[in-house]
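Working notes, structure below.
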Amino acid sequence: MAIIQVSAPGGDYPIHIEAGLLQRVNEHIPAGRCVVVTNTTLAPLYGKALTEQLPDASLLIIPDGEQFKTLETVANLYVEFVRAGLDRSGTVIALGGGVVGDTVGFAAATYMRGVRFVQIPTTLLAMVDSSVGGKVGVDLPEGKNLVGAFKQPDKVLIDPDVLATLPARERRCGLAETLKHGLIADPGLLELAEQPDAAPGELVQRAVQVKVNIVQQDPYEKDIRAHLNLGHTFAHAIEQVSGYTWPHGEAVAVGLVAATRLSARLSLCDEELAKSVEQLLARVGLPTRIGALDPDALYAAMSTDKKWQSGQSRFILLHSIGQPVIVTGVEKSVVIDVMRGLQ
Ligand code: NAD
Ligand code: GLY
């Protein structure tokens, strides 16, 4: 069992990492009205077990999928919160992957100007990344995560045992963000992520620590928090252009290849780094090519990315493992060329 204390604007919060924690959630939730929000896949797996422990809880179920990470889902949640009698003293609990956490977190941030919020992440990706740091939000047809807020959780409760039911493809998606954390700040994670026998709790703890170290220093992404977006300019464009048929983690994997190739192309790092990142991602079974996606369409989608400023491109690139760098104003033709190399 581990507890990582995160210092955040508005107060510290704990991340509990403990096998079997889902069976003991009642020890961690303050008394009073609460609403557990999960999706149609997770409700039969874990929803009932959770609400049975919480005598004053309602279970709300949203549809499963990135296509439901929308303002419409949030608007429906507001209505359900009122019907459930949730007031400002209540608690909203998000039980699910990054889609549930981001969507429900945004509802919790804005309902009655904000209510207590607990994250119970159930995917590897949500455990190591999205449940921590306070970014919540939804997509617009015009782009990913374009509406959102910073809403720090009051607690993050991680039970690695729930990964037993996570499909292998989703586990690999979590490995993409884990490897991203390794590339930004912890080379040892790159080896650990490749070991099939590594205890999931250990992998989660080490990977989430990278995120914690960064968000504590820069909670509002004025500076180094942007490093967490390594590969994400490409990834968000891939998700959007594919109509969200590409899962986020797979898009991040290709984004990491694109970002390291672009780094090499701009002579920030040598070609070997780009090759070894690509080989590593392939070894864990993640995609490394954009396939049929059109580089020009991807570039057009990138220009709605929040990371771009005043129309200038902005990428997180790598000098070496552990040395990310923010680069602005990369020529369009160079970016397109890198993507053509990934077809
Ligand atoms: P997801 O939430 O869509 O979950 C993937 C699938 O796994 C879903 O079908 C889900 O129902 C299922 N699932 C979840 N847990 C399961 C379990 N234990 N057993 C069986 N099935 C399970 O995808 P994700 O990869 O967790 O999250 C991706 C989202 O996270 C994207 O929207 C991305 O933008 C967002 N994100 C946010 C942040 C942030 O800082 N807020 C960071 C990274 C990613
Ligand atoms: N996933 C990027 C961040 O939390 O800043």
>> Among the listed residues G133, G137, G101, identify the single one that is within 23 Å of I3 (Cα to Cα), in contact with a strand residue (DSSP E or B) (Cβ under 7 Å, 6 or more places away or on another chain), small (G, A, S) and near ligand 1 (Cβ under 9 Å from one of its atoms).
In response: G101
>> Restricting to region 303-343, name every residue that is assigned to a strand (DSSP E or B) and basic (K, R).
In response: R314
> Name the residues in region 292-343 that are of a type in the set (G, A, S), more than 24 Å from the chain's Cα centre (by Cα) and farther than 22 Å from W246 by Cβ, would you?
Replying inline: S310, G311, G329, S333
> Within region 48-77, can you find the residues that are at pLDDT 95 or above and either of a type in the set (K, R) or in contact with a Cys (Cβ under 7 Å, 6 or more places away or on another chain) (or both)?
Replying inline: L54, A57, K69
> Which residues, taken from region 105-133, are surrounded by 24 or more Cβ atoms within 10 Å (Cβ to Cβ), away from ligand 2 (no atom under 16 Å from the Cβ) and assigned to a helix (DSSP H, G or I)?
Replying inline: A107, A108
>> Can you tell me which residue is modelled with the lowest pLDDT among those in region 134-151 that are under 22 Å from V241 (Cβ atoms) and part of a loop (DSSP other than H, G, I, E, B)?
In response: E142
> Among G255, G243, which is the only one that is under 19 Å from L124 (Cβ atoms) and more than 10 Å from ligand 1 (Cβ to nearest atom)?
Replying inline: G255
> Give me the pairs: first residue in region 107-134 and touching a residue at least 12 places away in the same chain (Cβ under 8 Å), second residue surrounded by 24 or more Cβ atoms within 10 Å (Cβ to Cβ) and among the hydroxyl-bearing types (S, T, Y), beta-carbon distance under 6 Å, and six or more apart or on different chains, which are they?
Replying inline: Q119/S131; P121/S131; V128/T178
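Yes/no per residue for (1) more than 24 Å from R314 (Cα to Cα); (2) within 13 Å of ligand 1 (Cβ to nearest atom); (3) of a type outside the set (G, A, S); (4) at pLDDT below 95:
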position	(1), (2), (3), (4)
P196	yes, no, yes, yes
A199	yes, no, no, yes
V208	yes, yes, yes, no
K211	no, yes, yes, no
P219	no, yes, yes, no
R225	no, yes, yes, no
I238	no, yes, yes, no
> Can you name the number of the only condition in (1) more than 19 Å from the chain's Cα centre (by Cα); (2) within 16 Å of ligand 1 (Cβ to nearest atom) that A264 fails?
Replying inline: (2)
> Residues L50, L71, L42: which one is within 29 Å of T245 (Cβ to Cβ) and either within 16 Å of ligand 2 (Cβ to nearest atom) or surrounded by 21 or more Cβ atoms within 10 Å (Cβ to Cβ) (or both)?
Replying inline: L42
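Can you tell me which residues in region 77-103 are assigned to a helix (DSSP H, G or I), within 16 Å of ligand 2 (Cβ to nearest atom), within 17 Å of L59 (Cβ to Cβ) and not polar (S, T, N, Q)?
First, pick out the residues of region 77-103 that are assigned to a helix (DSSP H, G or I): 77-83, 98-103.
Adding the requirement that they be within 16 Å of ligand 2 (Cβ to nearest atom) leaves 98-103.
Checking which are within 17 Å of L59 (Cβ to Cβ) leaves us with 100-101, 103.
Across region 77-103, the qualifying residues are V100, G101.
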> For residues in region 271-315 being among the acidic types (D, E) and either modelled with pLDDT of 95 or more or in contact with a Lys or Arg (Cβ under 7 Å, 6 or more places away or on another chain) (or both), which is surrounded by the most Cβ atoms within 10 Å (Cβ to Cβ)?
Replying inline: E278
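May I ask you to list the residues in region 177-202 that are in a helix (DSSP H, G or I) and free of Cβ contacts under 8 Å to residues at least 60 places away in the same chain?
Within region 177-202, the subset in a helix (DSSP H, G or I) is 177-185, 187-193, 200-202.
Result: T178, H181, G188, L189, E191, L192, E202.
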> Just checking, which of S276, S263, S267 is outside any loop (DSSP other than H, G, I, E, B), closer than 17 Å to I326 by Cα and among the polar types (S, T, N, Q)?
Replying inline: S263
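The values are calculated or read from the model by the stated rules, or taken from the named source; none is laboratory data. Treat the numbers as computed from the prediction; the structure is a model and nothing was measured. Reconstructed Cβ throughout: ideal geometry from the backbone, glycine too, with neighbour counts over all protein chains shown.
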